[in-house]
Structure formats: structure tokens, C-alpha cells
Amino acid sequence: MFALAEKGMKQIEKIIPMKHTDIRELFKFERTPLNLIIAFITFIFLILFVVGFINYLRFGHHAYGVYREHPWGLMIAMYIFFVVSSTGLCIMSAIGHVFEVKVLEPFSKRAIHGALVTLISGFIVILLEVGHPFRMMLYNTISPGLTSAIWGMGVLYSLYLIFIAVEFFFLLRHDHKWAKRFGIFGLVVGIAAHSNLGAVFGFLVGRPVANGIYYPLYFILTAMVTGCYLIFLMYGFKYKLDFPENIQKTLIATAKILGLLLAILLFFEIWKALTSIYGGMYDRSATAIHILKSPSFWIGEIFLGILVPFVIILFSSARAIKPLVFASFTGMIGIFYMRFDLVNDTQLFPMQTLKITEYQLPPSFIHYTPSMTEIFIALGAIGIAITLYYIGDKLLYLDNDPENI
């Protein structure tokens, strides 16, 4: 089996430059405590994914904690989490090699590789949510719902996957002319797909707390924040916090961009809360107040997702790149809370008839708890993303400077 795999890898090496073709090397890594912990956690996550997948095959959506009044759950949140990460990495990569901002060019290939990995992981999650993925792909093609934001999202993300895959191919071959062309297509389609994903929530007329232009713009902003966090995590792990001078310059520039984005994001959060409460539209204002009383909003979204990295950037003039690696980890936890709270909070207030005090009980907020199957698949998808990233890092030249490979 190993011999057959190595033969196939040698054929691929003729097309794409690779570090080696020995499949056994994939299982070799430096046995540091951190690497062993990550390897163990990843292995556990992959096992959990298999268990969750088997439960899904046995019970379908009955294995999930969603129900009629709360049809979107953790799976949708994880899908958004991954595709937000992908779009953010694509945008940050494009700033470097498409728009030729020299200081950001070093992470172009690594960022696009991360964009592919996170997008594939997101697709795996959503395929286990839609119920009939093959039927979905068939009818999306033969009977497109041109007025459906979800249909548009699916088509645009499929095109986005193709464009960034081709862009990555040319980047690996150092064909920057064609990489730039497909990078432009990938960037435009990726932003269109991601803003369209925001429109899935923005078009919810029956859910006033989400309805409007806010989420299509918010999704692009948080995508760039997520991309910055992931760049810090990727390079912090790669260099073990001992950064070469050129990478330090790149990360300092990234930190400055991140600081500006976080300031804008905080501005967005404040005005979202104010405009939701103002006017006293009951379902919208009541939901907004309920959100503002939630610990996950203040601890997850605001403190971990925004304030911790923002304070470090502010008081270090964006030069404390080592603390920012750790802050990026807390930032990604905050990003997850942003995704989960977005999906959950949108559905908190129950859909009501016109009369809310006659013929039925007064409305109360809906509650949702993810099932173990959902949690297993969500954690498993993280394990899949780490595994795919590790394989790419082992096999491919993801850095422009040969000295940093």
C-alpha cells in the first residue's frame, strides 16, 4: 500500500513541487510536548468524528439537538466558522500576492492552503447537515432557485473552491502571472459568496434581529479578523515563537491591520446593539436585550474575541507578536462564539401569530442545546482541518523563501 501511494506521489511531484515522496515521512514529527498534545487531541477529534458520522447515518437529523422551532444548530455554526476562516485567509493572501503589498507576500501560499483546508472542512460539516447532499447537488443544478440566498451561497462557494484551488496550484509552481489572475477571481467570488452567506441571515424578514444589511458587511469584516488570527497561529506554531526578521515585519504589519479591524468590529457591535434596542420593536429589542445579558456574548465575543488581542495591539503599538499568538487562540474561541451566538440568537424569539396574549401563552425564549453527535462532528471537523493542514505542510513548499521552508 505504501509503495502504491509513493508511486502516486512521485507522479504528482512531476506536476507540483513537493518536499519528498516518502509516505512514511507523514507520520514523523518532532516529539515535543506541544506536538504530542496536538497529535493526541487531533487523533481523538478524528475518532469523535467517526462516531458522530456513524450516529448521523443511523439516526439522521434525529441525532441532532435541533427541532422545529430551532432548526439551525451547531452544524450551521461550524460551517460558518470554517468558511469565515477560509474567506479571511483568502483576503489576507490576496492583499499580499494579488495587490502586491510586499510586506504581506510571505504568507500568500500558506494562507491559501489554509483557505482550502478550512473550506473543505466546512463543506464536510454542511454535507452532514443538509440531509441529502447528492440530491442537493443534483437539484441545485437542474432546478436552481435563483431567488434563494442559500442556493446562491452554494454555487458561489463551489466556484470559490475551484478558483482558489487553481490559484494554489499556480502559486506552488511559482507561476505568479496565472496565480494572480485566479487570485482575483477567487477574491471576488469569495467575497460575493461570504456576503451572500451573511444575506442568508439578512433576508430573514421574520427575524427582525437579523434582517437588514448588517450581516453581509459584518461577515466580511469578521472574516478578515479570523484570517489575521489564523496567520498568527500558523506562524507561531511553525517558528515556535522564534520569528526570523522578515516574518516579524510581516506579523507586525498583520497586527496593525488586525488592530484596525478589531476597532471597526467593536464599533459594529455597539451600533448593532443600539439599533436593535432603539424603537422598542418587541421581538427585536427583547432579543437584543436577551443577548446582552448572555455571558457568551460578553466573555466569548467581546472579551476573548475582540478586547484581549485589541488591548495587546494597542499598548504594544502592534509589536508584541508573541503575546498576539496566544491572543489569537483566544480570538478564535471568540470567533466561534460569534458564529454560534449568531445562529442561536437569531432563533431565540419564537415565531408568533399576530395576537400574542389571546388563545395562547405569552411568548418565552426558545432553548437549544447541541447533542453529543453535533459536538462530536464539530470537534471532528477541527481534527480534519488540522490533519489536512499538517499533510500539506509536510508535503508542499508553503513558504516563498526557501530558507524558511
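For this structure, a couple of remarks:
- Set Ile150, Ile120: member being more than 17 Å from the chain's Cα centre (by Cα), closer than 25 Å to Gly380 by Cα and among the aliphatic types (A, V, I, L, M): Ile150
- The single condition among (1) assigned to a helix (DSSP H, G or I); (2) buried (at least 23 other Cβ atoms within 10 Å of the Cβ) that Val209 does not satisfy is (1).
- Cβ separations smaller than 7 Å between residues 6+ apart or across chains give the following pairs from the range 150-165 residues that are closer than 15 Å to Tyr139 by Cα to residues that are not hydroxyl-bearing (Ser, Thr, Tyr) and not in a helix (DSSP H, G or I): Trp151/Pro144; Trp151/Gly145.
Matching residues to (1) farther than 25 Å from Phe82 by Cα; (2) among the charged types (D, E, K, R); (3) not in a helix (DSSP H, G or I):
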| site | (1), (2), (3) |
| --- | --- |
| Trp178 | yes, no, no |
| Gly186 | no, no, no |
| Leu204 | no, no, yes |
| Thr222 | no, no, no |
| Leu233 | no, no, no |
| Ala255 | no, no, no |
| Leu262 | no, no, no |
| Gly280 | yes, no, yes |
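- Leading residue by the ranking (nearest to Val83 (Cα to Cα)) among those in the range 154-164 that are buried (at least 17 other Cβ atoms within 10 Å of the Cβ) and within 17 Å of the chain's Cα centre (by Cα): Tyr157
- So Ile44, is it within 23 Å of the chain's Cα centre (by Cα), surrounded by fewer than 17 Cβ atoms within 10 Å (Cβ to Cβ) and modelled with pLDDT of 95 or more: yes
- Qualifying residue in the range 232-242 (condition: at pLDDT 95 or above, hydroxyl-bearing (Ser, Thr, Tyr) and buried (at least 23 other Cβ atoms within 10 Å of the Cβ)): no
- Count - residues of the range 239-253 that are in contact (Cβ under 8 Å) with a residue 40 or more places away in the chain, out of contact with any Pro (no Cβ under 6 Å at 6 or more places or on another chain) and part of a helix (DSSP H, G or I): 7
- Cβ separations smaller than 9 Å between residues 6+ apart or across chains give no pair from the range 194-216 residues that are in contact (Cβ under 8 Å) with a residue 24 or more places away in the chain and more than 16 Å from Asp283 (Cα to Cα) to residues that are among the basic types (Lys, Arg) and crowded, with 22+ Cβ neighbours inside 10 Å.
- Filter result for Tyr278 (among the aromatic types (Phe, Trp, Tyr) and modelled with pLDDT of 95 or more): no
- Single residue of the range 271-309 satisfying the filter (of a type in the set (Phe, Trp, Tyr) and surrounded by fewer than 20 Cβ atoms within 10 Å (Cβ to Cβ)) that is nearest to Phe232 (Cα to Cα): Phe303
- Residue match in the range 301-317 (condition: touching a residue at least 40 places away in the same chain (Cβ under 8 Å) and of a type in the set (Ser, Thr, Tyr)): no
The values are calculated or read from the model by the stated rules, or taken from the named source; none is laboratory data. Everything quoted here is computed from the prediction, not taken from an experiment. Every residue, glycine among them, receives a Cβ derived from its backbone with ideal geometry; neighbour counts consider all protein chains shown.
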